[in-house]
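Peer 1: Here it is, the structure, as structure tokens.
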Amino acid sequence: MNQSTKQAEWSLPEGYDLYRTIDLAKNQKENTIVSVLSLVLLAVVFALGFLIREDPGAAGEEYLPVMVAALAAFFVYIVLHEAAHGIFMWYFSKQKPHFGISLQYAYAGSKAYFRKIPYLIIALAPVVIWGVVFLAVALLTPGVWFWLFWFLLAGNFSGAAGDLYVFWQVSRMQPDILVQDDGVAMRVYAPFAQPEA
Ligand SMILES: [Zn+2]
């Protein structure tokens with residue numbers, strides 16, 4: 001495989017410089033955009049759930065075990081979300097990613113420098129893969145348990161607001177960038193203009 005078709009580099013190639021840093025936790029404006037997007041996605045997906053699934057007339061207490069299971073399942077989902085990022089990081093870089101979890105966030109990070117298209121796939125993998133899975137399972141699930149998977153679907157889109165924002169930003173960048181994602185902040189590198197020889 002030659003340089004230009006490799007999906008990721010293990011070290012920053014000669015001629016590349018830091019072009020932009022995306023740190024959603026530190027940048028107040030980006031943090032606000034992502035928080036608003038997260039709430040909008042949560043509301044829209046929930047509203048769609050009420051549109052496609054009529055209330056079967058279940059009693060209020062029938063929803064209690066669903067809500068408890070949904071909260072427990074959401075913690076499992078957080079791990080599955082980061083796993084989806086991590087598996088694609090590993091696939092494209094052939095390098096082990098690292099994972100972390102704190103009270104505020106969970107992350108998958110890598111030391112590799114990813115090319116644009118592979119990085120866009122890494123960013124979008126969890127929301128697409130788990131979105132399809134939860135949607136399919138929810139539609140096949142009868143009764144009140146539909147809401148367990150619909151809750152996960154809503155959480156999947158809402159929780160991926162940061163990923164969607166990063167996807168949108170990176171997709172508008174020049175094609176020859178390299179992205180390093182340590183799990184918390186993304187550093188985008190671009191080739192600087194070489195002086196004529
Ligand atoms: Zn993510």
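Peer 1: Would you work out which of Ile177, Tyr165, Ile101 lies farthest towards the positive end of the dipole of the chain? Charges go on Cβ: Lys and Arg +1, Asp and Glu -1.
Peer 2: Positive-end residue among those listed: Ile177.
Peer 1: Just to confirm the number: angle between the C-alpha axis of helix 116-140 and the first principal axis of the chain, 0 to 90 degrees, nearest 10?
Peer 2: Around 10 degrees separate the two axes.
Peer 1: Cα centroid distance between region 1-54 and region 176-195, in Å?
Peer 2: Result: 15 Å between the Cα centres.
Peer 1: Related question: What FRET efficiency comes out for Leu80 versus Asn27 if R0 is 35 angstrom and r is the Cβ-Cβ distance? Round to the nearest 0.05.
Peer 2: Working from the Cβ atoms, E equals 0.80.
Peer 1: Rank the residues Phe114, Phe50 as a footprinting-exposure proxy: fewest other Cβ atoms within 10 Å of their Cβ go first.
Peer 2: Starting with the residue having the fewest Cβ neighbours, the order is Phe50, Phe114.
Peer 1: Return the Rg/Rh value of region 9-191, two decimal places, where both radii are evaluated on C-alpha atoms and Rh is the Kirkwood radius.
Peer 2: Expressed as Rg/Rh, it is 1.04.
Peer 1: Check cross-link reach from Lys29 to the lysines: straight Cα distance under 26 Å, and skip same-chain residues fewer than eight apart.
Peer 2: By straight Cα distance, Lys29 reaches Lys116.
Peer 1: Let me ask something else about it. Between Val68 and Ile101, what FRET efficiency follows from the Cβ-Cβ distance if R0 is 22 Å, with the result rounded to 0.05?
Peer 2: The computed FRET efficiency comes out at 0.55.
Peer 1: Once you list every other residue whose beta carbon is under 9 Å from the beta carbon of Pro191, what net charge do they have if Lys and Arg are +1 and Asp and Glu are -1?
Peer 2: -2
Peer 1: Can you tell me how much longer the chain between Asp176 and Phe46 gets when fully stretched, taken as 0.36 nm per residue apart minus their C-alpha distance, in nm with one decimal?
Peer 2: In short, 42.9 nm is gained.
Peer 1: Treating the angle as unsigned and between 0 and 90°, give the value, to the nearest 10°, between the Cα long axis of helix 146-159 and the longest Cα principal axis of the chain.
Peer 2: Between helix and principal axis, roughly 30 degrees.
Peer 1: Could you give the angle, 0 to 90 degrees to the nearest 10, between helix 161-171's Cα long axis and the longest principal axis of the Cα atoms of the chain?
Peer 2: Its long axis makes an angle of about 30 degrees.
Peer 1: On full extension of the chain, what length is gained from Val36 through Ile87, given 0.36 nm per residue of separation minus the C-alpha to C-alpha distance?
Peer 2: Difference between extended and current length: 15.5 nm.
Peer 1: Turning to a different aspect of this structure: What is the order of Val128, Val45, Val68, fewest Cβ neighbours within 10 Å to most?
Peer 2: Ordered by Cβ neighbours within 10 Å, fewest first: Val68, Val128, Val45.
Peer 1: Using Cα pairs closer than 8 Å and at least 6 residues apart in sequence, work out the relative contact order for the chain, in percent.
Peer 2: Rounded, it is 36 percent for the chain.
Peer 1: Please rank Glu82, Glu14, fewest neighbouring Cβ atoms within 10 Å first, as an exposure proxy.
Peer 2: The most exposed by this proxy come first: Glu14, Glu82.
Read-outs throughout are calculated quantities, based only on the coordinates presented, and are distinct from any laboratory measurement. Quick caveat: nothing in here was measured; it's all calculated off a predicted structure. Please note: Cβ atoms are built from the backbone with ideal geometry, for glycine as well, and neighbour counts cover all protein chains shown.
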